[in-house]
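Peer 1: Just passing along the structure, written as structure tokens.
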Amino acid sequence: MLKQKGFSLIELMVASVIGIVLLAGVTNLLITTNRTVSLSDGVAQNQETGRFAMAYLSKHLREAGYNPDFIAFTPPLLITSGDIDCTASPINDACAVNNLSSRGDRISVVFTLVDGESARSCAGTDLVADAATGTRQFATVFGVNSNPLSTSEKDLQCGTFDIDNNTWIDSNISILSNVEAFDFLVGLAATSDSKSTSRYVTVDQVTDNNLIRSIRIAILTTSQDQGDKNKLQSQLSTRKYALLDSVYEFTDGQLRNIFSNTIELPNSIEAAGLN
Amino acid sequence: MITPRQNGFAMIEIMVTAVILAIGISGMGVLLLKSIQSSQDNSQKSQGMWIVQDLVGRMRANSEGMRAKAYETSGAVNCTQVKMCSDYNDDGFKSSESCTTREMANFDRWITACGVSAQVYDAASDTYLYDSPADSIINPELNVTCTDTTDRTSSYSGEDDCVRYFIELTWDTKLQQGAPDAADRTFKSQFSMVMESN
């Protein structure tokens, strides 16, 4: 008769203990890998969003007050002054506002085109000034969900407003997502002939376009929601992010980053003392 | 009938395999840790770049102060609160005061290196407060020096105008966390650039 010998109970138990220990190690590694991937992804998304948003905003905001005719003055910001009344419709949706919504401010910078010049709106529409139209003024409008009709979440939007004809060239389009909030401050000179900024204030305190010298912007970026299972920060402490004059508070453990920049406005600085 | 003689693995062999496997896996763990650390280090580098970029913008917006060498630092920036030249938020909206060019330069240096509140984590309320990009890097140190002047005299300082600055931001990184000596565990990372005044 064939005598069969299997494993003894002791052998089986030792083997399974070793197996469990090994498995635990491997599982741990898998979990860590998964978290690392989410974290690197979150960091990368924040960086990408921040870099693009800052480059785009800085480029467009630096053009504030552009006027090829250097004797004529173009106000850098679209606020109530002179002929412009920011309480009237539809320009009220284009003017710069402090604390427009829970996603921060809306900024609106003005530039002028003279006969023969052309530019592009945010959505790519050609803006042309010719002999028939004469000098035209436009405003580029930025904000997070700045369009009142917008249903999108956390989108940095851009729109172009035709000031002379009091109409939108095209409605606000989303430039990029994952921007939690946008805030800005306006750098004012002490006197109209000084070129240096002496104070940074919120836009609702600005009454004289002649004193504007610089703009300080800040954005809060976030990453795509990972769902509850995969939060990037293990402690769900309260996290407050101060963007210049406003504070945003979260307890969801998402990874967020503040980006800020100061943009001097060459057009306004050069015009100092001329007006 | 001949009983076939079976030879399995010996216990000792299994154990040796397990130990080798464990060493291998822990190696991968270290790799992961390194990868997290370097991605954080990269993110801090990029953050450092923005902080310096912001300071350059501030200096250009305060050209009189820049030419008058008001932005030069001597040693570490003193983090006691200065005159606030910008509206800010510290448990609610706070208004700013109008500043001279020198006060503005002082404020710009201070907010770049220190942020509105020096403390990021408040243990009592379990709350983190990030009020400037500087809060996402550890122990930022700012070094601004004027490297070139012109014959033109600044009306503000009575000295020669500064036309070129060297700006350097240094902070701690934790890349060598596993090092046995405390001194080796942190080391510095930095971003620097040269700017010319307008």
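Peer 1: Counting only residues that are of a type in the set (A, V, I, L, M) and at the interface with chain A (Cβ under 8 Å from one of its Cβ atoms), how many does segment B:57-101 have? Step through it out loud before you land on a result.
Peer 2: Going residue by residue through segment B:57-101, those that are of a type in the set (A, V, I, L, M) are B:59, B:61, B:66, B:68, B:70, B:76-77, B:82, B:84.
From the residues that got through so far, the ones that are at the interface with chain A (Cβ under 8 Å from one of its Cβ atoms) too are B:61.
Selection size over segment B:57-101: 1.
Peer 1: Something else about it: Inspect all residues belonging to segment A:48-61 and state whether any of them is surrounded by fewer than 11 Cβ atoms within 10 Å (Cβ to Cβ) and more than 7 Å from chain B (Cβ to nearest Cβ).
Peer 2: Going residue by residue through segment A:48-61, those that are surrounded by fewer than 11 Cβ atoms within 10 Å (Cβ to Cβ) are A:59.
Filter once more, so that each one left must be more than 7 Å from chain B (Cβ to nearest Cβ): A:59.
Yes, segment A:48-61 has at least one match.
Peer 1: Count, please, the residues in segment B:54-99 that happen to be in a loop (DSSP other than H, G, I, E, B), in contact with a strand residue (DSSP E or B) (Cβ under 9 Å, 6 or more places away or on another chain), without any contact (Cβ under 8 Å) to a residue 40 or more places away in the chain and aliphatic (A, V, I, L, M).
Peer 2: Of the residues in that region, 1 qualify.
Peer 1: While we're on this one: It is to be established whether one or more residues within segment A:71-87 are within 26 Å of A:Arg136 (Cα to Cα), loosely packed, with under 15 Cβ neighbours inside 10 Å and within 14 Å of chain B (Cβ to nearest Cβ). Spell out the reasoning first.
Peer 2: Quick first cut of segment A:71-87, residues within 26 Å of A:Arg136 (Cα to Cα) only: A:71-87.
Right, trim to loosely packed, with under 15 Cβ neighbours inside 10 Å and you get A:71-72, A:82-83, A:85, A:87.
In the following step, the residues that additionally are within 14 Å of chain B (Cβ to nearest Cβ) were identified as none.
So far as segment A:71-87 goes, no, none of its residues is within 26 Å of A:Arg136 (Cα to Cα), loosely packed, with under 15 Cβ neighbours inside 10 Å and within 14 Å of chain B (Cβ to nearest Cβ).
Peer 1: Spot the failing condition for B:Trp171; the list is (1) under 19 Å from the mean Cα position of the chain (by Cα); (2) closer than 24 Å to B:Ser86 by Cα; (3) modelled with pLDDT of 75 or more, and only one is missed.
Peer 2: So B:Trp171 meets the others, but not (2).
Peer 1: Somewhere in segment A:98-113, is a residue more than 24 Å from A:Asp204 (Cβ to Cβ) and surrounded by 14 or more Cβ atoms within 10 Å (Cβ to Cβ)?
Peer 2: First, the residues of segment A:98-113 that are more than 24 Å from A:Asp204 (Cβ to Cβ): A:112-113.
Checking which are surrounded by 14 or more Cβ atoms within 10 Å (Cβ to Cβ) leaves us with A:112-113.
For segment A:98-113, residues more than 24 Å from A:Asp204 (Cβ to Cβ) and surrounded by 14 or more Cβ atoms within 10 Å (Cβ to Cβ): present.
Peer 1: Could you check, for segment A:159-180, whether at least one of its residues is within 14 Å of chain B (Cβ to nearest Cβ), at pLDDT 90 or above and touching a strand residue (DSSP E or B) at 6+ places or on another chain (Cβ under 9 Å)? Explain how you work it out, then say what you get.
Peer 2: First, the residues of segment A:159-180 that are within 14 Å of chain B (Cβ to nearest Cβ): A:180.
Of the ones still in play, those that are also at pLDDT 90 or above are A:180.
Pick out the ones that are also touching a strand residue (DSSP E or B) at 6+ places or on another chain (Cβ under 9 Å) and you get A:180.
There is at least one residue in segment A:159-180 that is within 14 Å of chain B (Cβ to nearest Cβ), at pLDDT 90 or above and touching a strand residue (DSSP E or B) at 6+ places or on another chain (Cβ under 9 Å).
Peer 1: Within segment A:187-202, is even one residue more than 10 Å from every other protein chain (Cβ to nearest Cβ), part of a helix (DSSP H, G or I) and touching a residue at least 40 places away in the same chain (Cβ under 8 Å)? Outline the logic, then answer.
Peer 2: From segment A:187-202, those more than 10 Å from every other protein chain (Cβ to nearest Cβ) are A:191-193; that's our starting set.
Still in the list and also part of a helix (DSSP H, G or I): none.
There is no residue in segment A:187-202 that is more than 10 Å from every other protein chain (Cβ to nearest Cβ), part of a helix (DSSP H, G or I) and touching a residue at least 40 places away in the same chain (Cβ under 8 Å).
Peer 1: Identify all residues within segment B:115-141 that are away from chain A (no Cβ under 12 Å), at pLDDT 80 or above and surrounded by fewer than 22 Cβ atoms within 10 Å (Cβ to Cβ); write none if there are none.
Peer 2: Residues satisfying the conditions are B:Ile138, B:Asn139, B:Glu141.
Peer 1: With modelled with pLDDT under 90 and loosely packed, with under 15 Cβ neighbours inside 10 Å as the only criterion, which of A:Leu39, A:Leu29, A:Leu12, A:Leu22 stands out? Talk me through it step by step, then tell me what you get.
Peer 2: Numbers: A:Leu39 fails: loosely packed, with under 15 Cβ neighbours inside 10 Å; A:Leu29 fails: loosely packed, with under 15 Cβ neighbours inside 10 Å; A:Leu22 fails: loosely packed, with under 15 Cβ neighbours inside 10 Å.
Testing whether each residue is modelled with pLDDT under 90 and loosely packed, with under 15 Cβ neighbours inside 10 Å leaves just A:Leu12.
Peer 1: Can you tell me which residues in segment B:34-56 are small (Gly, Ala, Ser) and more than 7 Å from chain A (Cβ to nearest Cβ)?
Peer 2: Those that are small (Gly, Ala, Ser) and more than 7 Å from chain A (Cβ to nearest Cβ): B:Ser38, B:Gly48.
Peer 1: Provide a single number: the residues in segment B:30-53 that are surrounded by fewer than 21 Cβ atoms within 10 Å (Cβ to Cβ), modelled with pLDDT under 85 and touching a strand residue (DSSP E or B) at 6+ places or on another chain (Cβ under 9 Å).
Peer 2: Total meeting the criteria: 3.
Peer 1: Still on this structure: Among A:Val17, A:Val37, which is the only one that is within 27 Å of the chain's Cα centre (by Cα), more than 9 Å from every other protein chain (Cβ to nearest Cβ), part of a helix (DSSP H, G or I) and under 25 Å from B:Gly24 (Cα atoms)?
Peer 2: A:Val37
Peer 1: Separate question: Restricting attention to segment B:30-49, and to residues there that are touching a helix residue (DSSP H, G or I) at 6+ places or on another chain (Cβ under 6 Å) and not hydroxyl-bearing (Ser, Thr, Tyr), which single residue is farthest from A:Ser194 (Cα to Cα)?
Peer 2: Step by step, filter segment B:30-49, then rank; the result is B:Leu32.
Peer 1: Within segment A:236-252, which residues are more than 7 Å from chain B (Cβ to nearest Cβ), crowded, with 19+ Cβ neighbours inside 10 Å and more than 17 Å from the chain's Cα centre (by Cα)?
Peer 2: Matches in segment A:236-252: none.
Peer 1: Go through segment A:203-218 residue by residue and tally those that are surrounded by 19 or more Cβ atoms within 10 Å (Cβ to Cβ), facing chain B (nearest Cβ under 10 Å) and closer than 19 Å to A:Val110 by Cβ. Step through it out loud before you land on a result.
Peer 2: Start the filter on segment A:203-218 by keeping residues that are surrounded by 19 or more Cβ atoms within 10 Å (Cβ to Cβ), which leaves A:203, A:206, A:209-218.
Filter once more, keeping what is facing chain B (nearest Cβ under 10 Å): A:213-218.
Subsequent filtering for residues that are closer than 19 Å to A:Val110 by Cβ retains A:213-217.
Counting residues in segment A:203-218 that are surrounded by 19 or more Cβ atoms within 10 Å (Cβ to Cβ), facing chain B (nearest Cβ under 10 Å) and closer than 19 Å to A:Val110 by Cβ gives 5.
The values are calculated or read from the model by the stated rules, or taken from the named source; none is laboratory data. In this text the structure is predicted, and so the values were computed from the model without any measurement. Positions of Cβ are backbone-derived with ideal geometry, glycine not excepted, and every protein chain shown enters the neighbour counts.
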